[in-house]
Amino acid sequence: MRLEVQGLTKAFGSFLADDSVDLVVEPGQVHAILGENGAGKSTLMNMLYGILEPTSGQILIDGEPVRLRSPGDAIAAGIGMVHQHFKLVGPFSVADNVQLGREHVKRGSLDRATARRAVLEVSEQYGLALDPDAICEELPVGVQQRVEIVKALSGKTDLLILDEPTAVLTPPEVAELLGIIRNLTASGMSVIFISHKLKEVKAIADTITVLRRGKVVAEASPDDSEAELAAAMVGRSVVLTVDRPPAQPGEVALDIKNLTVLGERGTPMLDGLDLAVRAGEIVGLAGVEGNGQTELARAVLGTVTPASGSIDMGGVAVTGRDPYRRIVAGLGYIPEDRGRDGLAADFTVAENLVLNQYRDKPLSHRGVVDAAAVRTLADKAIADFDIRTRGPGELVSALSGGNQQKVVIAREFSRPRSVLVAAQPTRGVDVGAIEFIHRRLVAERDAGTAVLLISAELDEILALSDRIAVIHNGQIVGVLAPDTPREIIGQLMAGHRPADPAPAS
């Protein structure tokens, strides 16, 4: 399929999300779309998939103008899409999810045998191993994404749109996905690949279009440097390395001892874990996702109850305290899943910015929230953190994923704290925002905050950490210096213990 976009514009009132966008995707090509949060990437893809109708402009497929009024129209035209936030029904099987909207029916009932065969055929054709009977909510996120891809490919698909496909994947899962994309294009399919991650774009793209504030500002090549691509995205030079002075650690501010947390089936998710974070240092927690990182973060916040062990903040036991009391005691918390744990989707941007402090002065007087004070704080946070929104009264659910993350970051950095748990703080944000968040994390450290950084990005752990704690099977299997070779860290993450890992002081 050859897809051409001519002058495509989408207006929401006076706001132009996309402004006269021109784009050509050739058959068998990986065409990457780069842009900072709020640049118009998802809006453009939603027009190509029939979720939104353009205000003006046209879409051509193989030289013929088409009008895509619904996803059904897009699917009929040969366009599939894997959304940034998966559209799966958790309790349904893989086969049932794949046939949603195009159900196989035999004598008035769902024909599950045909649906199973269809999943297996598409899986085998494109190298996407799936069990059609598996329940989706029980699958790892990388496998759930495979389900979404098989769902998109189960019809006659000539062009596949992947919107931020690696945002929640581990490095091995990313490598697997890139291999899948190569298989797809080798069969003649076109792929539109949207990502903030420059290394991935350079690795997989044939050509690159850069959007900024709804306009095409550059046509780039994967041979261009990361610095050049980053500058095109944000309109200025971006520092891709973290400049930080040596840490000056103080007393232990977060002390976790012998912590055990059980899963739903009684199996240990954390198994006697010990970890200490001192004031004025960043401890990075490195590990393959699913080895207890989520449970550790939630145990520190107080949303899961440990089976045993203790958590102290500043020498005070907080193990039995609820999350609000821990926040009052000085805990800041950036959750790994902003949609589930970080935001109230039906609240405004301003309301989300004060979720953990609306009861405090000057935002509240005698139990009554001061709307003017909330508005003042929100206006400042929006400006300070470059949150791309139509105003503090806009619903947070209307923002792009990256700007939703900025709301969470702004809320946690807008009040005093002594301990900060930052779980996947840069997930889904653009390079300019990553640069800003990294600077703020270092500034927090230098101001004396104890920072526990949990990230699936080993590059981020290496760039920011003063010590690196490696977690495997719910235990800390090594605490290392930040200059430890990646190979040693990787071996520990996989559960192999090198002979002499360099301990951190």
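Key figures
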read-out: Inter-residue pairs, beta-carbon under 7 Å, first more than 20 Å from Arg2 (Cβ to Cβ) and in the stretch 13-26, second outside any strand (DSSP E or B) and among the polar types (S, T, N, Q), 6+ apart; value: Ala17/Thr43; Asp18/Thr43
read-out: Failed item, numbered, when Arg244 is tested on (1) surrounded by fewer than 16 Cβ atoms within 10 Å (Cβ to Cβ); (2) not assigned by TED's automatic domain parsing to the domain that holds Ile437; (3) not β-branched (Val, Ile, Thr); value: (1)
read-out: Subset tally (residues that are more than 24 Å from Val141 (Cα to Cα) and either touching a residue at least 60 places away in the same chain (Cβ under 8 Å) or within 28 Å of the chain's Cα centre (by Cα) (or both)) for the stretch 77-92; value: 1
read-out: Cβ-Cβ under 6 Å pairs, at least 6 apart or on other chains, the stretch 266-288 side assigned by TED's automatic domain parsing to the domain that holds Met313, far side surrounded by fewer than 17 Cβ atoms within 10 Å (Cβ to Cβ) and among the acidic types (Asp, Glu); value: Ala279/Glu251
read-out: Condition met for Ser195 (more than 19 Å from Glu164 (Cβ to Cβ) and either in contact (Cβ under 8 Å) with a residue 60 or more places away in the chain or not assigned by TED's automatic domain parsing to the domain that holds Asn403 (or both)); value: no
read-out: Candidate set: the stretch 248-268, residues that are under 27 Å from the mean Cα position of the chain (by Cα) and not in a strand (DSSP E or B); chosen: the one surrounded by the fewest Cβ atoms within 10 Å (Cβ to Cβ); value: Glu264
read-out: Residue pairs meeting the criteria (Cβ under 6 Å; at least 6 apart or on separate chains; first closer than 22 Å to Phe413 by Cα, in the stretch 312-332; second charged (D, E, K, R) and surrounded by 12 or more Cβ atoms within 10 Å (Cβ to Cβ)); value: Asp312/Asp255; Val318/Arg326; Gly330/Arg417; Gly332/Glu412; Gly332/Arg417
read-out: Helices (runs of 4 or more DSSP H) lying entirely in the stretch 294-392 (those with 2 or more residues that are on the phi < 0 side of the Ramachandran plot and assigned by TED's automatic domain parsing to the domain that holds Gly428); value: 323-328
read-out: Counted residues, the stretch 86-138 - those being touching an Asp or Glu at 6+ places or on another chain (Cβ under 9 Å) and under 24 Å from Gly428 (Cβ atoms); value: 7
read-out: Wholly within the stretch 60-158, helices (runs of 4 or more DSSP H) carrying at least 1 residues that are touching a Pro at 6+ places or on another chain (Cβ under 8 Å); value: 94-98, 112-126, 141-153
read-out: Options Gly272, Gly342, Gly330; residue that is buried (at least 17 other Cβ atoms within 10 Å of the Cβ) and more than 19 Å from the chain's Cα centre (by Cα); value: Gly330
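The values are calculated or read from the model by the stated rules, or taken from the named source; none is laboratory data. Just so it is clear, the model here is predicted, and its values are computed rather than measured. Quick reminder, even Gly has a Cβ in these numbers, built from the backbone with ideal geometry, and neighbours come from all protein chains shown.
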